[in-house]
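The values are calculated or read from the model by the stated rules, or taken from the named source; none is laboratory data. Everything numeric here is computed off the predicted structure, so don't read it as measured data. Note that we place each Cβ from the backbone using ideal geometry, even for glycine, and neighbour counts take in every protein chain shown. For accessibility, only protein heavy atoms count, side chains too; no ligands or nucleic acids. Shrake-Rupley method; radii C 1.70, N 1.55, O 1.52, S 1.80 Å.
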Amino acid sequence: FKGGDTCEYLLSSGRFLGEKVWQPHSCMMHKYKNSEAKNCLVDKHIVFIGDSRIRQLFYSFIKLINPQVKEEGNKHGNIPFEDKSASIKVDFLWYPEVNGSMRQRIKSWTEGSVAKPHIIVAGAATWSIKIHNGSNEALTQYKINITSVAPLLEKLAKSSDVYWVLQDPVYEDLLSESRKMITNEKIDAYNEAAVRILNSSSRNSKAKVKVFSVSKLIAQETIMKSADGLHLPESSRDTNAMILMNVYCNKIMKPIDGSCCQPQPPLTLIQKLAFCFFTLSIIGYLIISLVHRNNYRKNKSCSDLESGEEKKPAISTPNISTLEMLLHSFCKLGLIMTYFYLCDRANLFMKENKFYTHSSFFIPIIYVLVLGVFFTENTKETKVLNREQTDEWKGWMQLVILIYHISGASTFLPVYMHIRVLVAAYLFQTGYGHFSYFWLKGDFGVYRVCQVLFRLNFLVIVLCIVMDRPYQFYYFVPLVTVWFIIIYGTLAIWPQIVQKKANGNCLWHFGVLLKLICLLTCIYFLSYSQGAFEKIFSFWPLSKCFELNGNVYEWWFRWKLDRYVVFHGMLFAFIYLALQKCQIITEGKGDPLFSSRVSNILLVISVVAFLTYSIWASSCKNKTECNELHPSVSVVQILAFVLIRNIPGYVRSVYSSFFAWFGKISLELFICQYHIWLAADTKGILVLIPGYPMFNILVSTFIFVCVAHEISQITNDLAQIMVPKDNSTLLKRLLCMAGFFSGLLLFSAVQDQSGH
């Protein structure tokens, strides 16, 4: 990708995804709402000057500001529009020919006494062809007229945004007799003259008249749907208006999913410090490696001059010190973070909008699920939700979520509702796994807590620094982190009840149930007290972690959406472990979980429940209403799946090693996709290889998976160093981390202050 101005690509090239979605070459187009359009154009004066095609574009443009506008008024006259709430003024000036009248109007804006419009959109030619019956003399006169207008437009371009709209092709079969002389051959000749003459005197100047040629490409695909063969259908002119809005507003509004016309964001203070740190790590690692390599060569086998034999050195391989391992990990991480930055912050690689089709989602799903079956192996143990099975569960869910994100399937409500269940299932596993660990092991030590928090948060904290994103942006990690702390707090507070203690007295089981009931009560209270919830997380420094776009609403929404499922996971773990201890269930290889009769009944109920939820989710009509019910009913499908997967002995005794491999790096896959597989913070798709969508997906996916796997290894290595088992060393490390986060908060405050 040779770089260049994405505005030029937006104005000149692109293609249709499906029938109505326009994809500019190399960048993403934002779909502006009327509130955003008003914010961008506040106190602005926009002028459309030209013929009936420009009038169409004028109406589509003002409908982005006020959708209630109707196309009425004198078609062959000037049409004013004003939005008083935002002080926006948009005028259409009827000048169907490039002639002296148009030149005089444009000249008036170049004179000091008249206020210049902020945006000028001009274009005309078809009337000249029609009135003069397509004569060559008319084309010659058009060239003369546009030559006289061009310097005035170029002068205006120094202080205003000036666009010249090239003429769209016509559909000659639909043209009326009075317009038959307007042929595509004539239109091409007029367009060629306009392109050649405009900017001819300011080729090296930055201030140029922007040639709006993309409309031609759009018209080539859609003009056959025109009512009269001359004017574009409404959907096409709406696309043109949206392109105009993106060209002008993206640099002002800076929408995440509008990469066209956006300059590369400047490096923040924290990003610069991170760059220096990684650079020093790479240099430090290279120096230590060279020193060790030199020492290793000196100690290498020396020849015995008398016997001619080689003696082995006392040390055959260099010892890897903690410092070298630390620098090695940060060296690799620095290179990986550079790739992250280049993919999603530098204007180096292309980005494209997502476009959903059923085939783009379901075909990869079927392919991946079939592929997973070919890697079936026996499990090491046959317990319910054993390690291999939970890794497999995480793996296939993560692959489905990845396909969901890259295909843009969130627009299809039934798929969205099923994906919500998969996210809930991750949280269910969080409740089940951590409760089981604390209940069985009774280990409430600081080491365990720090290990879990480090592994969950390390990558996200690095990305917050390198990619300049708030912690809450990676919403899933804050979610599992807070729920882990809640689980720990629930079980660690007095009285600490674990299985060993409960075995001595069955009444302790009621103590655990009482704790769970108290937890459920707190969740229920917070879920209906948005004000209390927001107050808790609005206190500094918690607000720095959980705010997104200046408030904690997003965090409230994410927490509320799956508020009960962690509790369900804890309750399921408690009941299962109690049944296991009482030997009510059998977990032998090939044996059903219960007696044949009970197992069959539970299987039938589970299958019916699973399908019932799917039918309900597929019949959802409103996302808001379904999201309200989701926290209470998602557990139905999760429990149904767990029972179907574990009741039959054979099914419980096998797992897919393919899915389990992905499951082990599922957290890294979920987080890395934000920047190096998707683009523009998940809103678009990263394009490494333009023009070959399938090959691009293969290459970017291969790199993405390799990077996620490598980051998983780096996290494990650093966890051993940063979170040691020795309590005194761990305390020192924690003090260092506290200092690090204090410095981070300080630099963040300085950065915010300088930003204001």
What do you reckon, is Leu688 over 21 Å from the mean Cα position of the chain (by Cα) and either farther than 30 Å from Val446 by Cβ or of a type in the set (A, V, I, L, M, F, W, C) (or both)? no
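Residue by residue, here is whether (1) of a type outside the set (S, T, N, Q); (2) closer than 27 Å to Phe349 by Cα; (3) in contact (Cβ under 8 Å) with a residue 60 or more places away in the chain holds:
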| site | (1), (2), (3) |
| --- | --- |
| Val654 | yes, no, yes |
| Tyr674 | yes, yes, yes |
| Ile697 | yes, yes, yes |
| Ser712 | no, yes, no |
| Thr729 | no, no, no |
| Phe741 | yes, no, no |
| Gln753 | no, no, no |
Among the residues of segment 494-508 satisfying the criterion of being of a type in the set (S, T, N, Q) and surrounded by fewer than 16 Cβ atoms within 10 Å (Cβ to Cβ), which is farthest from the chain's Cα centre (by Cα)? Asn505
For segment 270-285, which residues satisfy the criterion of being under 24 Å from the mean Cα position of the chain (by Cα) and either assigned by the TED database to the domain that holds Gln56 or in contact (Cβ under 8 Å) with a residue 40 or more places away in the chain (or both)? Ile270, Gln271, Ala274
Just to verify a result, which residue in segment 128-144, among those that are within 26 Å of Lys155 (Cα to Cα) and not aliphatic (A, V, I, L, M), is surrounded by the fewest Cβ atoms within 10 Å (Cβ to Cβ)? Thr140
Can you tell me which of (1) crowded, with 20+ Cβ neighbours inside 10 Å; (2) in contact with a Phe, Trp or Tyr (Cβ under 8 Å, 6 or more places away or on another chain); (3) among the aliphatic types (A, V, I, L, M); (4) assigned to a helix (DSSP H, G or I) is the one Ile461 doesn't meet? (1)
Search result, residues across segment 1-55 that are of a type in the set (S, T, N, Q) and over 30 Å from Leu93 (Cα atoms): Gln23, Ser26
Condition met for Ile65 (touching a Leu at 6+ places or on another chain (Cβ under 8 Å), closer than 30 Å to Trp127 by Cα and modelled with pLDDT of 95 or more): yes
Gly372 - would you say it is outside the structural domain of Val651 (by the TED database) and at pLDDT 95 or above? no
When you look at Lys589, is it in contact with a strand residue (DSSP E or B) (Cβ under 9 Å, 6 or more places away or on another chain) and farther than 22 Å from Tyr471 by Cα, yes or no? yes
So, in segment 329-357, exactly how many residues are modelled with pLDDT under 95 and not hydroxyl-bearing (Ser, Thr, Tyr)? 14
Do we have Arg196 as within 26 Å of Ser101 (Cα to Cα) and either outside the structural domain of Gln23 (by the TED database) or not hydrophobic (A, V, I, L, M, F, W, C) (or both) here? yes
Unmet criterion (only one of (1) assigned by the TED database to the domain that holds Thr586; (2) more than 28 Å from Ile485 (Cα to Cα); (3) not basic (Lys, Arg)) for Asp344: (1)
Those residues of segment 620-652 which are under 27 Å from Ser527 (Cα atoms), hydroxyl-bearing (Ser, Thr, Tyr) and in contact (Cβ under 8 Å) with a residue 40 or more places away in the chain, in sequence order: Ser632, Ser634
Failed criterion for Gln673 (all others in (1) at pLDDT below 95; (2) surrounded by 16 or more Cβ atoms within 10 Å (Cβ to Cβ); (3) in contact with a His (Cβ under 9 Å, 6 or more places away or on another chain) hold): (1)
Residue set Gly442, Gly511, Gly531, Gly489; condition open to solvent by less than 70 Å² (accessible area, probe 1.4 Å), outside the structural domain of Thr338 (by the TED database), on the phi > 0 side of the Ramachandran plot and not charged (D, E, K, R); output residue Gly442
Is there any pair linking a residue in segment 86-109 that is open to solvent by less than 20 Å² (accessible area, probe 1.4 Å) and among the hydroxyl-bearing types (Ser, Thr, Tyr) to one that is at pLDDT 95 or above and assigned to a loop (DSSP other than H, G, I, E, B), with Cβ under 8 Å and at least six apart or on different chains, and which? none
Which is among the basic types (Lys, Arg), surrounded by fewer than 20 Cβ atoms within 10 Å (Cβ to Cβ) and over 27 Å from Pro117 (Cβ atoms), of Lys208, Lys251, Lys180, Lys186? Lys180
Of the residues that sit in segment 516-528 and are surrounded by fewer than 16 Cβ atoms within 10 Å (Cβ to Cβ) and more than 35 Å from the chain's Cα centre (by Cα), which one is farthest from Leu571 (Cα to Cα)? Cys518
Give the number of residues within segment 1-54 that are open to solvent by less than 30 Å² (accessible area, probe 1.4 Å) and among the charged types (D, E, K, R). 2
